[in-house]
Structures are given as structure tokens and as C-alpha cells.
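What follows is a set of notes on a single structure, which appears directly below.
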Amino acid sequence: MKGIIDFRPGLWQSLRTYSKERFLSDLMAGVIVGIVALPLAIAFGIASGVSPEKGLVTAIIGGFIVSFLGGSSVQIGGPTGAFIVIVYGVIRQYGVEGLMAATVMAGGFLVLMGILKLGTVIKFIPYPIVVGFTSGIALTIFTTQIKDLFGMSIEKMPAGFIPAWTVYAQHIDTVSVGALLTGLLSIVIIVATPRFGKKIPVPGSLLAIILATLAVYLLRAVGLAGGIETIGDRYVINASLPRPETLSFSPDTFRRLISPAFTIAMLGAIESLLSATVADGVTGGRHHSNTELIAQGAANIVTPLFGGIPVTGAIARTMTNINNGGRTPVAGLVHALVLLLILLFLGPLTKHIPMACLAGVLTVVAWNMSEWRTFRSLLKNPKSDVAVLLTTFFLTVFFDLTVAIEIGLLLAMLLFMRRMMETTQVSVATETLDLSGEAELPRDKEVLVIPKGVEVYEINGPFFFGIANKFDECMKQVGDRPRVRIIRMRKVPFMDSTGLHNLESLCRLSQKEGIRIILSGVNEKVRDMLIKNEMDRRIGGENICSHISEALSRSRELLRLS
């Protein structure tokens, strides 16, 4: 359905031309992605502060809804590493119930963003901000995994980057050699597996979990696995889909959780649309960003009711889907079904997985997220980009992601306004007007003579609040008091309310000084705005001209009449 709401799910369009061959390709891709998603869903769930099956539930329910309703044909939804930091922080401060409520609220924000067609706007968040977020999150994830990777005995971890590393230094004598070897072995397996290509058909993370779990299980059987903690030592696994729960909202709940909910929504929107854009570049397809936001919102509204954590598009799993032949949302549906079968029939076996192995998996995830090469290359960019990059990075690491998101968006808006001001130019001509190279017609010669007593100003770019002062300064520099001012607006694509107010003020002041105003080359969109605000009555409808030749002719008439 297109119109008021831009909602065009990729599944509905794909099924119109679906075939048996396409289904077999999607089936294979879905099975592989499901297997790849298994260890990540478990690891992300535990690292976020919830039980492992909650990570699987998120991938199952959230992944299904994203594929069923999403605007991308190949997007795979589920829990991601980017959310670990914010989810862990929300649970620490507001509890699991607070996380559920904040996630549902974030889902509502995402749906509203999609309805308001903000999908295309979110995609234009400056790249240094995105890299600053992801690099900061990667370092924070790595920090949270040190305890399990080294098998340290720490009763309670403090919040914050520096306090965490201080505690690690104080407990360095509690390191478990067995846990450390298990974690390092897992990292080596994950890193080395891709080098063997198709000789090892199992994803590196899953292979690491299988081998490490088997090794620790055998060592425990002979009493040699002391100090190596497993999932079962910390959690009770519920191998079934939970029943939906009800949430109670109050004005106080909304007020307390609006900040983390907004952070979850913005991070989910950025990551999912970034993933869909990357996928488009590989497949040559084109996703519907507003539909994708609505689908992500629906997933985040429903998933918490079953105990799940925030859902977004996962770049790594999406690329795995594409590389294995997935081209329609059916592959994403199959991936969710595979995870459901694993949860129901193999869920109890997850209790034997070593925590150090999962820490190794997340360490590799953090390394891949860090984008250190991109980070290093961005440091060579202009100082403004470097400042934005470092600001968002350090805010993410040393404060929290909520502050980083809010400040990052503020920086994005300030950068946008600065760039718009730099691109919008105001020029003035008082004697002749050179039209060579212009396409504005009608004209019979390339140089037009401007009558004495007439000034021609040209605004090249959007006429918004950021350019108002520049326009005033340009008029003051001329110094003379003309009898007619012509304002060429042929290159003004839009005008905001502040620009309109500035123009109205100019007209009032000019009328007091006996100066007439003529507008030239106004496009239809700007003209409608001017007429709606009765500018045609203030300056006269005949003084809004379609091109510069007409405007100069009108100026000569006004000079004769005055």
C-alpha cells in the first residue's frame, strides 16, 4: 500500500513471481543462516544480561517478523552486538521489566518513523558518527567479555569502562588457565575456519562452540575442568517458546524510559537501514526504508512480550544469507524456523557450552565491529569530521550509548546546517547581469543591462534560517539604497518558515524605505508557500515573475511609475 503510509513488504512482492528453484535456494540459505545465528543469538543474549534462550527467542520471533513485514528482500533480523551495551545498561538500571517496556516503546517510535517517512532521512546520518558508535560499542563489548574470557572470579562487575578495567587489574590473580585456553582456542578456530573455505562447511563460531563444548564436557567427566564455567552453571535453560506476557504502562514509566527507548529506536533504525543499504549494493536490489522501519518497529513491539531483547537488521547474517543464495524473505522465515527447531529439540544441550567460548565468539564479533582500518583512515579527514568521530567514540566508551546517540544526532544536525550554509550562496549585481551558460529563458542576449536604481540579488541554495544572516550581510555590503530590489530565486529548492519570515521582514523594511521588491524565477513549491502566506498581497502578484527578463521589465515599469 503506497500513499499516506509507505508500506510495501518485500515478501508480498517476491511471492508474485516465486518458483520452486527460488524456494530451494532460499531454503538452503535459510538453514545456513539459522546455523550461523545460533551461537551469536546465545552469546548476545548472555552478554546483554538475559538467559541464553531469550537471545534465541529474539532471533526466532523478531527474525520472523522482520522477514515477513520488512522492506528488504534479504534482511535477517535478530539480536546484534550493537545492542549489548545499551541492553545491559537498561537492565542494570531499570530491570528486565524496564527493558521490556523500553523496547516496546522503541518499537512504537520505529513504526512512527516509518509512517512519517523518515527512513530516507536516517540513512544520511554522517559516516563519522556511525563509525564512532560502532567502534565505541566494539571496545565496550570487548571490555565486558574479559571476565569470562579469563575465567576471573568477580562477584559484581561495576558499570563504566575505567572502573571495569580497574577491577580486572585487582583480580588478575583469579585468572583460570583452563578458561583462558578455552577462549583463546575458540578465537583461533573462528579466525582460522574461513581460510579452509568449503572444506569445513560449518561456520567458525559454531565449530568453536561444538569443539570447545565437547572438550570441556570430556574434561569434566574425568574431573579436569576446574575453573571452566558453563552456561548451565549460571543459567537454567527453558527449551520452549515462552507464553506472551502483558505489560503495564503509566505516564511515569513512559517518562523514565523515554530516553533509553529513543536510543534503542535510533540505534535499531541506523543499523537496520545500514544493513539493508549494504545488501542492496551486493544484490543490486532496492529496499523500502520506511517499510523496513515499520517492520523493525513491529518486531520490537512483539518480541519483548515473549521475553526477547531488541531486534534489528544484522549485517553479518544478512551477508551470509546473500552469499548462500538467499534472495527473498522466505530465507529469513526459514532461518527463524531452524532456530525454533534447535531451541525445542537441542535447547537443553546448550547448558554445556563454556562461558569462555562464548566470550571468544564475542571478542571476534567486537574485533569485526571495531572497523579500526576505517577509523584510522577517517582520522585523516577534515578536522570537523575527526572531532565528530572522536566525540561519539569517547562518549560511547566513557559515558553510555544514550548520551552518545543524543549528542551524535545533535552533531549531525549542526554539521548538516553548516554544510547547507556553505553550499548556499548570495550574490548581488548592480549594473549588468551575465546570463552566459544559463538556461533561463526567454532572453535575446547573454548580458542584460540592469537599470540604474535596481539591484539584483541571487540566492543559490535553500533559503532557510541558517542563510538569513548571510542575506542581510550581503545587502549591507552594497551600501546604496536602490529603488527596486530583484531577488532571483530560481536556484532555491525550498524555503522554511524562518526564511519566509526573513523575506517578510525585508519586504516590510523595504516598503518603509520606499523600495519595491520583485521576486524572480520562483519554483512552484516555493510559490505555493509564498501565496499561502499572502506574500503576493504584500508585494503584489505582478511582482512575482517567472524569469529575470520579466523581472527587469517589471522593474523598469516601477521606475517610471515612481
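The values are calculated or read from the model by the stated rules, or taken from the named source; none is laboratory data. Everything numeric here is computed off the predicted structure, so don't read it as measured data. Cβ atoms come from the backbone with ideal geometry, glycine included; neighbour counts cover every protein chain shown. Heads up: the accessible areas ignore ligands, DNA and RNA and are worked out on the full protein's heavy atoms, side chains in. Shrake-Rupley method; radii C 1.70, N 1.55, O 1.52, S 1.80 Å.
Of note:
- For segment 87-155, projected area of the alpha-carbon convex hull averaged over all directions, nm²: 6.5 nm²
- For segment 1-100, the relative contact order works out to 28 percent when only alpha carbon pairs closer than 8 Å and six or more residues apart are counted.
- Relative to the compact-globule estimate of 2.2 N^0.38 Å, the Cα radius of gyration of segment 27-78 comes out at 1.14.
- Structure note, pairs Lys117/Lys147; Lys491/Lys532; Lys117/Lys532; Lys380/Lys525; Lys383/Lys491: Cα-Cα distances above 32 angstrom occur for Lys117/Lys147; Lys380/Lys525.
- Averaged over its residues, the chain has an accessible area of 47 Å² per residue, based on protein heavy atoms and a 1.4 Å probe.
- For segment 327-461, Kirkwood radius (reciprocal of mean inverse C-alpha pair distance, Å): 22.1 Å
- Using a simple spin-label model with pseudo-atoms 7 Å out from Cα toward Cβ, Phe416 and His352 lie 5.3 nm apart.
- An oblate overall shape is assigned to segment 205-347, the ratio a/c of its alpha-carbon gyration tensor axes (a ≥ b ≥ c) being 1.5 or greater and a/b not exceeding b/c.
- Within the chain, percent of DSSP bridges classed antiparallel, to nearest 5: 45 percent
- In Å², nearest 10: area of Leu341 left accessible to a 1.4 Å probe: 80 Å²
- Estimated Rh, segment 175-242: Kirkwood, alpha-carbon pairs, angstrom: 13.5 Å
- Element breakdown for segment 192-247 at a 1.4 angstrom probe: carbon and sulfur atoms account for 62% of the accessible area.
- Base-10 log of normalised Debye intensity for segment 292-342 (one unit scatterer per alpha-carbon) at q = 0.16 Å⁻¹: -0.55
- Degrees, to the nearest 10: 289-302 long Cα axis against longest axis of the chain: 40 degrees
- The value of relative contact order for the chain, using C-alpha pairs under 8 Å at least six residues apart, is 23 percent.
- Length gained on full extension, Leu112 to Ala429, computed as 0.36 nm times the residue gap minus the Cα-Cα distance: 109.4 nm.
- Protection-proxy order for peptides 452-461, 218-227, 519-528, 260-269, each taking the mean of Cβ atoms within 10 Å per residue, highest first: 260-269, 452-461, 519-528, 218-227
- Helices in the chain, meaning DSSP H runs of at least 4 residues, each add -39500 (n - 2.57). Divided by all residues, the mean residue ellipticity at 222 nm is -20000 deg cm²/dmol.
- Values [x] 1.25; [y] 1.12; [z] 0.99 are given for comparison; Rg/Rh (Cα atoms, Kirkwood Rh), derived from the coordinates here, is the one labelled [y].
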